[in-house]
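**Q** If you scroll down you'll find the structure; I have some questions about it.
The values are calculated or read from the model by the stated rules, or taken from the named source; none is laboratory data. On a predicted model such as this, the values are computed, not experimentally measured, just so you know. As a convention, Cβ positions derive from the backbone with ideal geometry for all residues, glycine included, and neighbour counts pool all protein chains shown. Protein only, heavy atoms only, side chains kept; ligands, DNA and RNA dropped before computing areas. Shrake-Rupley method; radii C 1.70, N 1.55, O 1.52, S 1.80 Å.
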Amino acid sequence: MTESVTATNKPTRKRQRLSPKQIAIRQKEREAAQCTLNGNGMNGSLPPLPTSGTDDEDQGSGFDTLFGHPYGALPYGNIHFSAPPSSTSSDEPWHPDVVRHKGLGPLLHRLNDEQIVSILSFVDGPTLAKGVVATSRFLYVAGHHAELWRDLTLRRWGEVGFEVPSPAVSVTSDNEDSNDDTRNYVKNRDIGIGGRDEEKKDDMEAIVHEPTTADNNTNKYSDSSTLPKEGLTTTTTTTTPDNHHHKLSGCWKDIYAINHYKATSSNDDTQHNPKPRHHVPIPISGIYSDTFFRSFLCRSFSLHPSWLSTHTVSTISHSELTPQIFFRDYEQTNTPLLIKGASATWPALRKWTPDYLRNLTRNRTFRATSGAAPLPALFDMENYFKYCASAVEEAPLYLFDRTFAKKCPELLKDFEGGLRETCPFWCAEWDGVNGIDEGGDGGGRRGYHDLLRVLGEERRPDYQWLIVGPKRSGSAFHIDPNATHAWNAPIIGRKRWIFYPPGSTPPGVYPSPDGDEVCMPLSLGEWFLTYWDAHVERRKDEDVTRRPLECTACPGDVLFVPHGWWHLVLNLGEDGEDDGAVEDRGVSVALTRNYVSASNLPDVLRFLDTRVSQISGCRDREEAVKPEDLGREFRKSLLNFAKEEGDDGSSCEECKSTSNGRGKLADLLERSEKVAKEGWQCAAWKDLDDAENDEQCGNDAVACQKKGTGTSILARAKLPSEGETSDHTAKNNNDASVGGGFSFSFM
Amino acid sequence: MDDDDAHGTVKLISKEGDTFEVPVEIAKLSTLVMTTLGEGDDDDADEDDIVEIPLPNVKATVLAKVIEYCTHYKDEPMTTITTPLKSNRVEEIVQEWYANFVKVEQIMLFELVTAANFMDIKPLLDLTCLAVSVYIKGKSAEEIRRIFNISNDFSPEEEAQVREENRWAEGAPKK
């Protein structure tokens, strides 16, 4: 949570004593920082990037990218493979990091890349564009660091909305032969039209592997000794032949430029400001930097087939599912379930296309956030889709809108009826006619689904979202808020899910013992690239109940996400290529609701009572019940509701004969209170005094404090805006990220 | 709050080996110090146990300045620096003492950036990065090269392309 970031008002909670191991780690970090030229590659909290292969495949390139770094930057480790260019000017001594040294000068080069980026983060857009990037080659690369431009844009226009230029159209021929240099060039044009392909460079070839096509038998990886191991490998089995060039569309600098142009042109009629041009990266060789390469890598990684192939989540066809089965075997046992075909008949499935959504929501804005970005951004659908089509970045802005139903009631109509029909167990009015023993007491007269509705639409915490995002966006590991269950229905585009059972912390995730703070890699790309192997090991955990579960949910399916389960979601885009040509961005649209039912009521009550600081979904709306009041108000409203509905046994004939004079709902509440008092039903939450604080907890609490609010490079150079800027922004930020390191609070 | 924190000191050791004994309350502004100290839960730990923290990256002169910063911070916490910056001038963003604090030679300023980063002192990092950025704001490429002694390693074609692409930024109002 953001309250704990500034050093001066750190909460006084019990901290772990550092073990000798932790002290040793600290010492190593300090020593490492001392050794390197400029500190690059020695970020203590993340392993250094593998070097990209050069001539020798066995150097082991640990990753594939869709295309080379636009500026030709390579991971820092590659500096060891660098060689002087054949034509060095004889009077200047050459050393591997010369571009950096010359490009920064004697003073600045003592700083590492993260610090350089920190400094640049304080510089305004025009100075960056006309001053910094034109200073030297190194500063050209640094000054184009995408996050800088993203933050500039969001700070200036995030709250009011901004225009996203149309993606540049690549007018080059599709080359089967990667050595073919004959391409069409389109002269650099104003933003919105045209673009030019990059020239290939030797060092970019080092990163991008030659394509292997199915009908091409001269596969240099046919030797079994170099067969791909699971996970990240040196072969590219699915990259397209086009992978050596890419669209230069929609970088944040272009977005900033066009909006700046619009803002300044209207102010000054006499001066003709030049229209911004699309940014066309100049390849610069000789730049070795994990800072610049990692964030590029994390946004443009190829989706490896092995990441997507496992299917271990329980799956059932909708036609075979009955409410009985759902409650007994899944909701009450807290087991994830993929229901194939459950949403196939919903109108949304056939009606929702990007065009339809654009038209329906014309002139309305929606909120998009990202763990990396400093502020939320308001988009209308048109611009958001354009952003999706062109966004290539580490942690894309993800559109999570909780008020879509109010803004556009037609959207609600497109699925609500269908939901009632195909998933009656997820509708509040369902009356248990089929004899489902929800409450365990002989069948409910009323469904106990979505109990929080008793608070009313305005007062209840957020509970339903329209989720839109570009391919490769998604949510890093998290547990859904307020101990709720959820269902999630992809409408456009498929989603890849990875679950870890309650209490079984995923690799790369570091919760503090009481769950107050969670640290994890900022982006999905970073998680896949860093922790995939560890994840594969976890699949073989001796304790079967701790193993992860995985599946891919397609439009037409609905997924049940039980409370307390860790989950990660990756948007795969629409049908077809999983990795896909670069042109295939694809957009993902989904619906989700979170709810409380009889099965998780005890944990919810306990959560509302004991985890007030983690309660979310109500902090940034005036009319919502505040976290500290939520437990009390919920109970009050439940009992009122019971009374009003005549569910207190007093006026109901049925109840009179079966109940003890009190209604089922009141009974349910009382039983749940008892259970809640005794402890957690779900292993996701532990209390400080009953958990053995294992070493991992301790280690990671330390790492957690260091990482603070996310590992965005720029996060280190600026303080959070919560509490300092407008209240609206502050609360939005609070709400958008439960626990500092979260990318997104729920999925 | 722990008693240990209130009474204890910590020894910070510079690159050259000089020892600076600093009250824990003040040194804690550095997250590195704070996490290295951990929590004195141990029953055996008492005020005689002074932890030594080697800082091989930080020269004595720089460390002295860092400690000066942290000491002052205890009495007058620095204004949080938020973006967008209200002004180009440091004295309009932070308090006077802090604005003066960074009026040092460039070399020292950059050393402070490194030290603040290494010791993980966020406010100091913000302040020093801000101070460096002031040298950059509003400057042309040529001016930046002059200030930082950077050579122009673009080819003429590259330089032309960069300039052409960024013409939109020229003559723009200050923002």
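**Q** Indicate the residues belonging to the range B:77-98 that lose 40 Å² or more of solvent-accessible heavy-atom surface (probe 1.4 Å) upon moving from the chain alone to the assembly of all protein chains, ignoring ligands and nucleic acids.
**A** Residues passing the criterion (a loss of at least 40 Å², heavy atoms only) are B:T80, B:T82, B:T83.
**Q** Also, I was wondering about something else. From the protein chains alone at 1.4 Å, what is the descending order of accessible area for A:R546, A:R619, largest first? Show your work: numbers first, answer last.
**A** Details: A:R546 85, A:R619 55 Å².
Heavy-atom accessible area, descending, gives A:R546, A:R619.
**Q** Continuing with this model, one more query. Quick check: at a probe of 1.4 Å, how many percent of the accessible area of the range A:308-411 sits on carbon and sulfur atoms? Present the calculation step by step, with values, prior to reporting the outcome.
**A** Details: 1960 of 4030 Å².
Of the solvent-accessible surface of the range A:308-411, carbon and sulfur hold 49 percent.
**Q** Which pairs break 32 Å Cα to Cα here: A:K262/B:K137; A:K686/B:K74; A:K406/A:K686; A:K340/A:K677; A:K253/A:K340?
**A** Working: A:K262/B:K137 22 Å; A:K686/B:K74 36 Å; A:K406/A:K686 37 Å; A:K340/A:K677 37 Å; A:K253/A:K340 42 Å.
The answer is A:K686/B:K74; A:K406/A:K686; A:K340/A:K677; A:K253/A:K340.
**Q** So what is the relative contact order for chain B, in percent, with contacts set as C-alpha pairs under 8 Å and at least six apart? Could the numbers behind the result be given before it?
**A** Numbers: 166 pairs, mean separation 32.9, N = 175.
Answer for chain B is 19 percent.
**Q** Can you pick out the pairs among A:K407/A:K626; B:K28/B:K65; A:K643/A:K664; A:K386/A:K471 whose Cα atoms lie more than 18 Å from each other? Write out the running numbers ahead of the final one.
**A** Values: A:K407/A:K626 24 Å; B:K28/B:K65 15 Å; A:K643/A:K664 11 Å; A:K386/A:K471 13 Å.
Pairs exceeding the cut-off: A:K407/A:K626.
**Q** Next up: Counting only other chains, and only Cβ atoms inside 10 Å, what mean value do you get across the residues of A:100-107?
**A** Details: counts 0, 2, 4, 5, 3, 8, 6, 12.
What the average comes to for A:100-107 is 5.
**Q** Against the empirical 2.2 N^0.38 Å scaling, what ratio does the C-alpha Rg of the range B:44-175 come to?
**A** Numbers: Rg = 19.3 Å, N = 132, 2.2 N^0.38 = 14.1 Å.
Ratio of Rg to 2.2 N^0.38 Å for the range B:44-175: 1.37.
**Q** Based on alpha-carbon positions alone, could you give the equivalent ellipsoid semi-axes of the range B:86-130 from the gyration tensor, as √(5λ), descending, whole Å?
**A** Working: eigenvalues 64, 28, 14 Å².
Rounded to whole Å, the semi-axes are 18, 12, 8.
**Q** Let me know the mean shielding of B:112-121 by other chains, meaning the per-residue number of their Cβ atoms within 10 Å of its Cβ. It would help to have the intermediate numbers written out before the result.
**A** On the way: counts 0, 8, 7, 0, 3, 9, 7, 0, 5, 1.
Counting Cβ atoms of other protein chains within 10 Å of each residue's Cβ and averaging gives 4.
**Q** What's the total accessible area buried between chains A and B, using a 1.4 Å probe, rounded to the nearest 100 Å²?
**A** Details: alone 31470 and 11380 Å², together 36200 Å².
Answer for the A-B pair: about 6600 Å² buried.
**Q** Evaluate peptide B:55-64: per residue, the Cβ atoms of other protein chains within 10 Å of its Cβ; return the mean as an integer.
**A** If you average over the peptide's residues, the count of other-chain Cβ atoms is 1.
**Q** Something else: Hey, what's the Kirkwood Rh for the range B:135-174 if you take every pair of different alpha carbons, in angstrom? Write out the running numbers ahead of the final one.
**A** Working: mean 1/r = 0.0881 Å⁻¹.
With all distinct Cα pairs of the range B:135-174 included, I get 11.3 Å.
**Q** For the range B:114-175, with all protein chains present and a 1.4 Å probe, just round the carbon and sulfur fraction of the accessible area to a whole percent. Walk me through the numbers before you get to the answer.
**A** Working: 1260 of 2510 Å².
Taking all protein chains in place, the range B:114-175 shows 50 percent carbon and sulfur surface.
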